[in-house]
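Peer 1: Starting off with a structure, shown below.
The values are calculated or read from the model by the stated rules, or taken from the named source; none is laboratory data. Note that the structure is predicted; figures quoted are calculated from it, not measured. All Cβ positions, glycine included, derive from the backbone under ideal geometry; neighbour counts span all protein chains shown. Calculation scope for accessible area: heavy atoms of the full protein, side chains included, ligands and nucleic acids excluded. Shrake-Rupley method; radii C 1.70, N 1.55, O 1.52, S 1.80 Å.
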Amino acid sequence: MTDARQGLSGLLDTEAIRKDFPLLDRTVHDGKKIVYLDSAATSQKPRQVLDALNTYYERHNANVHRGVYTVAEEATALYEGARDKVAAFINAPSRDEVIFTKNASESLNLVANMLGWADEPYRVDRETEIVTTEMEHHSNIVPWQLLAQRTGAKLKWFGITDDGRLDLSNIDEIITEKTKIVSFTLVSNILGTVNPVERIIRRAQQVGALVCIDASQAAPHMVLDVQALQADFVAFTGHKMVGPTGIGVLWGRQELLEDLPPFLGGGEMIETVSMHSSTYAPAPHKFEAGTPPIAQAVGLGAAVDYLSAIGMEKIHQHEKAITEYAVQRLLEVPDLRIIGPATAEDRGAAISFTLGDIHPHDVGQVLDEQGIAVRVGHHCARPVCLRYGIPATTRASFYLYSTPAEVDALVDGLEHVRNFFG
Amino acid sequence: MKLDSMYQEVILDHYKHPHGRGLRDGDAEVHHVNPTCGDEITLRVKYDGETVADVSYDGQGCSISQASASVLNELLVGKELSQARRIQDAFLELMQSKGQLEPDEAMEEVLEDAVAFAGVSKYPARVKCALLSWMAWKDATAKALSEGKTA
């Protein structure tokens, strides 16, 4: 154990927490205990969430908002109960502002399509501009490219500085009177950067543009308060916050959700239907066509309960300590270059790096042989790799169950990688 | 160690000392990418009648994709197109074998150094790396043929 590790403060009782996560107990490659450092891609799931899914299917499974029989009422109560839990978790002023989707990508695509089909004053057309950043996950770039191509609007973006921060030096030229929507990530999935929300929102509000925040890498790791953020839309996904796959969230301000048109049409999103025309249900149902991901929403509700019981502020402090330690230890590895902020200041628990000229694929393969799971590639953020002139990175990401010993295992593993290709 | 079945000495040698790397004059050029990992290759083919006169390439990628391009160059340059296609087919078969195919003598004769990639076929995520240059070669050849550069 190194001295730095002894001095770490703010750590959670990971010994207890890890008992809740069955997968963390498994072994790979002839008995090596798994060291899971890919929570930014997806988190592992605690037994409490797995049990909630099982209990739902075994005891309460029925379609929602339809039947009058007991089990159907229970399914509806559980599904809508999950909405209440999520609303409380993000401090939404109203539960009706929480729309369930299948993931953050769908949430962001939903916003882009609402605006593409909207009437004035929200309408995005050839006279208007869309703003995003070079730091985004592809899910917050491609929907806006599609919207720009289809409407003739102009797509603009903020660049990135050498040390992995958003370059806001030209903010007044990027966000202008023509800007209709500014969409950016709260925490970068590749660089780990926590972005200065307030400054961007202040400028967007000056010109009357809407603001959409991708909180996929924030919701699992810190207190997320949509009222404090002052954005118009906030998107995130369940599977990165100990919930199941197949469930995402879009929060939107109520008056916007009332004004904006639906995107997907179908069952459940209507009020009345005739062969000539239809009227729509109020939000959030207006944006939830078809049978929703019921079990997954219930699972997300259990995930929110799990995280809240530990406390988001405590989880944040734990990750901050682990990240500080990891940055420090990684910088000891020869030829290792951190892509993104090289300090723990305003950064999340995902750390990308290159290791000499050893390709990340090869780094990841040799780490895997030692039971260490990291992500390699461009992390669905290829513009960032282009920006730094690298083909890909290796990314280690941490969560509430990560330990300093796992950071040490990674550092030892990288030494082994260097020897293997040395 | 299991890793050694993937990172055979032959593969690491090709990775560290690639054959025929760099772009030269060609009849057709293609650019292929592996969208999951960002590996890229630009590859040119040159034909002299029915003979593969040159395969030149440049790009970035992991040891497997780089070594595979080097082996391709070594194996295909100087061969008749029909023979080059047999080699490509055999390599494809090997890479799609999920580690189930034990290369026999006949296969070793066709694939030479490329049999070293048998171990890679056990790793689904890496098969695409090994095939990147071979798919690029196939595509470039089709392009050269359709443009009537070869007989």
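Peer 1: Using just the helices of the protein assembly as shown, give the 222 nm mean residue ellipticity in deg cm²/dmol: DSSP H runs with n ≥ 4 each add -39,500 (n - 2.57), and the total is spread over all residues, rounded to 500.
Peer 2: On the way: 21 runs with 229 residues, N = 573.
The helix-only estimate for the protein assembly as shown comes to -12000 deg cm²/dmol at 222 nm.
Peer 1: Which one, A:GLU271, A:GLU324, A:GLU406, has the greatest fluctuation when you compute a Gaussian network model over chain A with C-alpha springs under 10 angstrom?
Peer 2: With Cα springs under 10 Å in chain A, the top fluctuation among A:GLU271, A:GLU324, A:GLU406 is at A:GLU271.
Peer 1: Still on this model: Nearest-5 percent of antiparallel DSSP beta bridges in the range A:49-309?
Peer 2: Numbers: 14 of 30 bridges.
So the antiparallel bridges in the range A:49-309 amount to around 45 percent.
Peer 1: Which of the three applies to the range A:61-121, rounded, prolate or oblate, going by the alpha-carbon gyration tensor with a ≥ b ≥ c and a/c under 1.5 meaning rounded? Let's see the in-between values first.
Peer 2: Numbers: a/c = 2.45, a/b = 1.80, b/c = 1.36.
Prolate is the answer for the range A:61-121, as a/c is 1.5 or above and a/b outweighs b/c.
Peer 1: What accessible area per residue, rounded to a whole number of Å², is obtained for the protein assembly as shown using a probe radius of 1.4 Å? Don't jump to the answer; show the numbers that get you there.
Peer 2: Details: 23740 Å² over 573 residues.
That works out to 41 Å² for each residue.
Peer 1: Another question about this same structure. So which lysines can B:LYS138 reach, going by Cα to Cα under 28 Å and dropping same-chain residues fewer than 8 places off?
Peer 2: Once the sequence-local lysines are set aside, what remains near B:LYS138 is B:LYS16, B:LYS46, B:LYS79, B:LYS98, B:LYS122, B:LYS128, B:LYS149.
Peer 1: Shifting gears a bit: Quick one: among A:GLY311, A:GLY116, A:GLY389, which has the greatest mean-square fluctuation in a GNM of chain A with alpha-carbon springs under 10 angstrom?
Peer 2: Among A:GLY311, A:GLY116, A:GLY389, the largest GNM mean-square fluctuation belongs to A:GLY389.
Peer 1: Please name whichever of A:LEU386, B:GLN88, A:THR42 sits farthest to the positive end of the charge dipole of the protein assembly as shown, dipole taken about the Cα centre and charges placed at Cβ: Lys and Arg +1, Asp and Glu -1.
Peer 2: A:THR42
Peer 1: What FRET efficiency comes out for the pair A:ARG59/B:LYS79, r = Cβ-Cβ distance, R0 = 56 Å, nearest 0.05? Intermediate values should be presented prior to the final figure.
Peer 2: On the way: r = 66 Å, r/R0 = 1.18.
The calculated FRET efficiency here is 0.25.
Peer 1: To continue, here is another question. If I model a spin label at B:LEU145 and B:HIS17 as a point 7 Å from the Cα along the Cα→Cβ vector, what separation in nanometres do I get?
Peer 2: Reported label-point gap for B:LEU145 and B:HIS17 is 3.5 nm.
Peer 1: Heavy atoms of the protein only, probe of 1.4 Å, neighbouring chains included. What is the accessible area of A:LYS85 in Å², nearest 10?
Peer 2: Around 80 Å² of this residue is reachable by solvent.
Peer 1: Would you mind pulling out the separation of the Cα centroids of the range B:6-78 and the range A:328-404, in Å?
Peer 2: Between the Cα centre of the range B:6-78 and that of the range A:328-404, the gap is 27 Å.
Peer 1: Which of the DSSP-defined H helices in chain A satisfy a minimum axial length of 15 Å, computed from C-alpha atoms, and a minimum mean Kyte-Doolittle hydropathy of 0.5? Spell out each step's value before the answer.
Peer 2: Values: long enough: A:70-89 (28 Å, 0.02); A:104-117 (20 Å, 0.55); A:197-207 (16 Å, -0.44); A:294-310 (25 Å, 1.42); A:312-330 (26 Å, -0.83); A:404-421 (26 Å, 0.12).
Passing helices, by number: A:104-117, A:294-310.
Peer 1: Still on this structure, please answer the following. List the trypsin sites (Lys or Arg not before Pro) within the range B:1-107 that DSSP assigns to loop and that have no more than 16 neighbouring Cβ atoms inside 10 Å. Don't jump to the answer; show the numbers that get you there.
Peer 2: Numbers: sites: B:LYS2, B:LYS16, B:ARG21, B:ARG24, B:ARG44, B:LYS46, B:LYS79, B:ARG85, B:ARG86, B:LYS98; in loops: B:LYS2, B:ARG24, B:LYS79, B:LYS98.
Sparse-neighbourhood loop trypsin sites (Lys or Arg not before Pro): B:LYS2, B:ARG24, B:LYS79, B:LYS98.
Peer 1: If you don't mind, there's one more thing I want to ask. Classify the protein assembly as shown as rounded, prolate or oblate from the Cα gyration tensor: take a ≥ b ≥ c as the square roots of its eigenvalues, call it rounded if a/c is under 1.5, otherwise prolate when a/b beats b/c and oblate if not.
Peer 2: Numbers: a/c = 1.77, a/b = 1.47, b/c = 1.20.
Prolate, since a/c reaches 1.5 and a/b exceeds b/c.
Peer 1: Run the count for chain A, please: Lys pairs, Cα-Cα under 19 angstrom, 8 or more apart or on different chains.
Peer 2: Here the count comes out as 20.
Peer 1: At the nearest 100 Å², what buried accessible area, both sides summed, do you get for A and B when the probe is 1.4 Å? It would help to have the intermediate numbers written out before the result.
Peer 2: Numbers: alone 17810 and 7550 Å², together 23740 Å².
Looking at A and B, the buried total is near 1600 Å².
Peer 1: Given a 10 angstrom Cα cut-off, can you work out which residue in A:GLU258, A:GLU15, A:GLU288 is the most mobile in a GNM of chain A?
Peer 2: A:GLU15
Peer 1: Further, regarding this structure: As an exercise, identify the GluC sites (Glu not before Pro) in the range A:169-232 lying in DSSP coil whose Cβ has no more than 10 other Cβ atoms within 10 Å. Write out the running numbers ahead of the final one.
Peer 2: Working: sites: A:GLU173, A:GLU177, A:GLU198; in loops: A:GLU177.
Taking the range A:169-232 and a limit of 10 other Cβ atoms within 10 Å, the loop GluC sites (Glu not before Pro) found are A:GLU177.
Peer 1: What length, rounded to one decimal in nm, is gained on full extension from B:ARG24 through to B:ARG86, with 0.36 nm per residue of separation minus their alpha-carbon distance? Let's see the in-between values first.
Peer 2: Numbers: separation 62, 0.36 × 62 = 22.32 nm, distance 2.47 nm.
Stretched fully, the B:ARG24-B:ARG86 segment lengthens by 19.9 nm.
Peer 1: Rounded to the nearest 10 Å², what accessible area does A:LYS154 have for a 1.4 Å probe in the complete protein model?
Peer 2: Only protein atoms counted, so the area is about 120 Å².
Peer 1: Give the shape of the range A:49-309 as rounded, prolate or oblate, defined through the alpha-carbon gyration tensor: a ≥ b ≥ c are the square roots of its eigenvalues, a/c under 1.5 means rounded, and otherwise the shape is prolate if a/b is larger than b/c and oblate if not. All intermediate terms of the calculation are to be shown ahead of the outcome.
Peer 2: On the way: a/c = 2.35, a/b = 1.41, b/c = 1.67.
Note, shape of the range A:49-309 comes out oblate.
Peer 1: Could you look at the range A:49-309 and say what percent of its accessible area is carbon and sulfur, using a 1.4 Å probe and all protein chains?
Peer 2: Numbers: 5340 of 10670 Å².
Answer for the range A:49-309: carbon and sulfur cover 50 percent of the accessible area.
Peer 1: Out of A:ASN103, A:ALA88, A:LEU260, whose Cα points farthest toward the positive end of the dipole of the range A:49-309 (charges: +1 Lys, Arg; -1 Asp, Glu; placed on Cβ)?
Peer 2: Looking along the dipole axis, the top candidate is A:ASN103.
Peer 1: I've got another one for you. Which residues of the range A:368-386 show a drop of at least 30 Å² in accessible area when all protein chains are present, compared with their chain alone (probe radius 1.4 Å, heavy atoms only, ligands and nucleic acids excluded)?
Peer 2: A:GLU369, A:HIS378, A:ARG382
Peer 1: I've got another one for you. Rounded to the nearest 20 debye, what is the charge dipole size of chain A about its Cα centre when +1 sits on each Lys and Arg Cβ and -1 on each Asp and Glu Cβ? Numbers along the way, then the final one.
Peer 2: Working: 38 positive and 55 negative charges, 80 e Å.
The dipole of chain A has a size of about 380 debye.
Peer 1: To the nearest 10 square angstrom, how much accessible area does A:PHE420 have with a 1.4 angstrom probe?
Peer 2: For A:PHE420, solvent-accessible area is about 40 Å².
Peer 1: Please state the relative contact order of chain A as a whole percent: Cα pairs under 8 Å, 6+ residues apart?
Peer 2: Values: 836 pairs, mean separation 95.5, N = 422.
For chain A, the relative contact order is 23 percent.
Peer 1: Still on this structure, I have one more. How large is the dipole of chain B about the Cα centre if only Lys and Arg carry +1 and Asp and Glu carry -1, each at its Cβ, rounded to the nearest 20 debye? Each step should come with its number before you reach the end.
Peer 2: On the way: 16 positive and 25 negative charges, 112 e Å.
Charge dipole of chain B: 540 debye, to the nearest 20.
Peer 1: Can you tell me the length gained on complete extension of the stretch A:ARG202 to A:THR176, counting 0.36 nm per residue apart and subtracting the Cα distance?
Peer 2: Here the segment from A:ARG202 to A:THR176 would lengthen by 8.1 nm.
Peer 1: Which residue, chosen from A:HIS60, A:LEU12, A:PRO22, occupies the Cα position most advanced towards the positive end of the dipole of the range A:1-68, where the dipole is computed from +1 (Lys, Arg) and -1 (Asp, Glu) charges on Cβ about the Cα centre?
Peer 2: A:HIS60
Peer 1: Continuing with this model, one more query. Percent relative contact order of chain B, based on C-alpha pairs within less than 8 angstrom and at least six residues apart? Each step should come with its number before you reach the end.
Peer 2: Numbers: 265 pairs, mean separation 43.2, N = 151.
Rounded, it is 29 percent for chain B.
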